[in-house]
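What follows is a single structure, written as structure tokens, with notes after it.
Each reported figure results from applying straightforward, stated rules to the coordinates on display, with no laboratory input. A quick note: this is a predicted structure, and the numbers were derived from the prediction, not measured. Ideal geometry is used to build each Cβ from the backbone, glycine not excepted, and the neighbour counts take in all protein chains shown.
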There are 2 protein chains.
Amino acid sequence: MRKRVVIVGLGLIGGSLALALKDFEDCELIGVDVSQPTLRYASEHGVAHRLTSRAADVVGEADVVLLALHPQGIVDFLAEYRDRFKPGALVADVCGVKTAIMEAAKVLPETVDFIGCHPMAGTEFSGIEHAFGEMFRQSHFILTPRAESTREHIALLERMAAHLGCKDVYKTTPEAHDALIAYTSQVMHIIAVSVCDDPMLFDCKGFEGSSFRGCTRVAALDVGLWTQLFSLNAAALLKVLDRLLENLAAYRETLASGDLSRLADKLSSSAARKRQMDLPGPDLLG
Amino acid sequence: MRKRVVIVGLGLIGGSLALALKDFEDCELIGVDVSQPTLRYASEHGVAHRLTSRAADVVGEADVVLLALHPQGIVDFLAEYRDRFKPGALVADVCGVKTAIMEAAKVLPETVDFIGCHPMAGTEFSGIEHAFGEMFRQSHFILTPRAESTREHIALLERMAAHLGCKDVYKTTPEAHDALIAYTSQVMHIIAVSVCDDPMLFDCKGFEGSSFRGCTRVAALDVGLWTQLFSLNAAALLKVLDRLLENLAAYRETLASGDLSRLADKLSSSAARKRQMDLPGPDLLG
């Protein structure tokens, strides 16, 4: 039987998902967005089989609803449409924080299966005009199912991830996901914006080396999105940030001591950790 | 008249310089290194016209001596060979700190012209086996001449920079150079090693996104070299590090306050600075 898949939010991620899932199994793909320019672009570029600005018209007939809104938008959508989903439907989100979203999904009736997802891909851009169907190739697809999530729905998301070209599907808890993401992604963004706050920034224009470009690339971030991602994951992020401040302060203290052998020992230890991290493992060989 | 150019130290930078300068004007290029494996590699790959492990044999006949040693090696070399240079010779170093080197060069007699240089290029590797002649293409070549440096010697280094493929030559003071480098490069390395000191590092293996890879790429650094670069530039680096700690702490405080509009304002300001930095300017159009 033909499945009806609704993607709510056709920005960078939702648009890319739509492009990648248009030929997924036997499904009708319906795109929802409140922005007329976005819908026009989606229509002109054949992003989905059907497009609408009215979620209320399509949510009730959907077998699968993928929420590709900003995190607060997902929270709000779940509250607003809680009683509109089809019984037995799978609702999933694809945003970068999971504890707050899983918490918000508790408003849903028991007849609806909610599974948190995070396809770990993206770019520093936003908007459907930057979407591309290959975005998820070779990325991890993280799932945070609930204890009561059905096997069928998990299997469906796994097939979807395979169709997106993801290299693997990784099931974990929302808390473990959020701690991971606070360290591997969120604090990198806090570092990038903090470096750009330095008063010397513009004096150095043209003299940034590759390390500077690598560290600050993500600083030109989507403010609305990241305000939500940071604040909805504040507890985990603050822990990582405090550990970073400690580690930086330890380097500061060692440098200020003038003790070269202590500085060398400390650099040896950190550099060895980085080399160890870069050794080919199951992930890199995959 | 044929110029005799001696490059002391055939590691990543010295080896790359030698490869790039072998056909520079009418010169005899002589490579010096104390390591036999390095000399063997250099000989097998035709890195210079002549090779020797004994600087004493060639320094006295050199018109130009380029010191491509680690910073402390340069300081020691200048002290050891101070009376061996040919009167009228140009001695230059190519390392990444300048104030400490210019200070060390004061041991030279007045008959020797010393000019600090910093071709702003490199990779995260070290050793002659990673050297390549194209390393300096499109990079800046920084000069910190002394007031008494001759026009001829500055012009010679400018032609050399052009031959290396550098996009421009930028003359500045050692202090301004060191402040710039502390911010655009050194503190990026301190960030990278500090991030790798986090206890979560290995738990995240395989889940590092592009922001994490971009930020930590340089953490597997050459410990001997960077211990010297950091410690010989400690004053400038500590200033930058303190400003970074302040800027990170300001983000920490804003995040902890739970005030979303303040967080959004702060992110807007930083992101706008990054976008402003990335606007095409004279440098990017060049």
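Brief remarks on what is shown
- Cut-off under 5 Å, modelled amide H: who pairs with residue A:28 long-range: A:3, A:4, A:5
- Per-residue Cβ neighbour rank within 10 angstrom, fewest leading, A:196, A:27: A:27, A:196
- Shielding by partners, peptide A:134-141 (average Cβ within 10 angstrom, other chains): 1
- Alpha-carbon centroids, segment A:166-183 and segment B:171-208: separation in whole Å: 26 Å
- Computed magnitude of the charge dipole of segment B:176-285 (debye, nearest 20; Cβ of K, R +1, Cβ of D, E -1): 240 debye
- The order of B:81, A:183, going from fewest to most other C-beta atoms within 10 Å of their C-beta, is B:81, A:183.
- Note on segment A:146-220: dipole from Cβ charges, positive end direction compared against A:207, A:182, A:150; the farthest Cα belongs to A:150.
- Across A:167/A:266; A:98/A:266; A:167/B:266; B:22/B:274; A:167/A:239; A:239/A:266, pairs whose alpha-carbon gap is larger than 32 Å: A:167/A:266; A:98/A:266; A:167/B:266; B:22/B:274
- For chain B, the longest principal axis of the alpha carbon atoms and the long axis of helix B:187-196 meet at an angle near 60°.
- Placing +1 on each Lys and Arg Cβ and -1 on each Asp and Glu Cβ, with no other charges, gives segment A:3-172 a dipole about its Cα centre of roughly 140 debye.
- Contact order normalised by residue count of chain B, Cα under 8 Å, 6+ apart, percent: 15 percent
- Taking Lys and Arg as +1 and Asp and Glu as -1, the other residues whose beta-carbon sits under 12 Å from that of residue A:91 total +1.
- Helix axis angle, B:223-232 relative to chain B longest principal axis, alpha carbon, degrees: 80 degrees
- Choice from B:244, B:221, B:232 showing the highest fluctuation, given a GNM over chain B with Cα pairs closer than 10 Å: B:244
- Taking every DSSP bridge with both residues inside chain A, close to 15 percent are antiparallel.
- Modelled this way, with points 7 Å down the Cα-to-C-beta line, the labels at residue A:147 and residue A:22 are 4.3 nm from one another.
- Separation of alpha-carbon centers, segment A:115-159 and segment B:111-136, rounded to whole Å: 45 Å
- Cα-only Debye scattering, the protein assembly as shown: base-10 log of I(q)/I(0) at q = 0.05, 0.08 Å⁻¹: -0.28, -0.64
- DSSP-defined antiparallel bridges as percent of all bridges, the protein assembly as shown, nearest 5: 15 percent
- Charge context of residue B:258, other residues only, Cβ under 15 angstrom, K/R +1, D/E -1: 0
- Charge tally around residue B:215: other residues with Cβ under 10 Å, Lys/Arg +1 each, Asp/Glu -1 each, net +2.
- 19 Å tail of the calculated P(r), segment A:164-286, as % of Cα pairs: 66 percent
- Close amide H pairs (under 5 Å, H built 1.01 Å from N) link residue B:91 with B:65, B:113, B:114, B:115, residues at least 5 positions away or on another chain.
- Sequence-ordered 3J(HN,Hα) estimates for segment B:206-215 from the Karplus curve with 6.51, -1.76 and 1.60 and θ = phi - 60° stand at x, 10, 5, x, 5, 5, 5, 5, x, 6 Hz, glycine and proline given as x.
- Partner shielding of A:120-126 amounts to 2, given as the average count of beta-carbon atoms from other chains within 10 Å of each residue beta-carbon.
- Label positions at residue B:36 and residue B:54, each projected 7 Å from the Cα along the C-beta direction, are separated by 1.6 nm.
- Inter-site label distance for residue A:130 and residue A:276 at 7 Å from Cα along Cβ, in nm: 3.6 nm
- Cα shape, segment A:3-172, gyration tensor, a/c 1.5 rule: rounded
- Average beta carbon contacts from partner chains per residue of A:22-30, 10 Å cutoff: 0
- Mean ellipticity per residue at 222 nm, deg cm²/dmol - from DSSP H runs of n ≥ 4 across chain B, formula -39500 (n - 2.57): -14500 deg cm²/dmol
- Close amide H contacts of residue A:170 (hydrogens built in the peptide plane, cut-off under 5 Å, sequence separation of 5 or more or a different chain): A:141, A:142, A:143.
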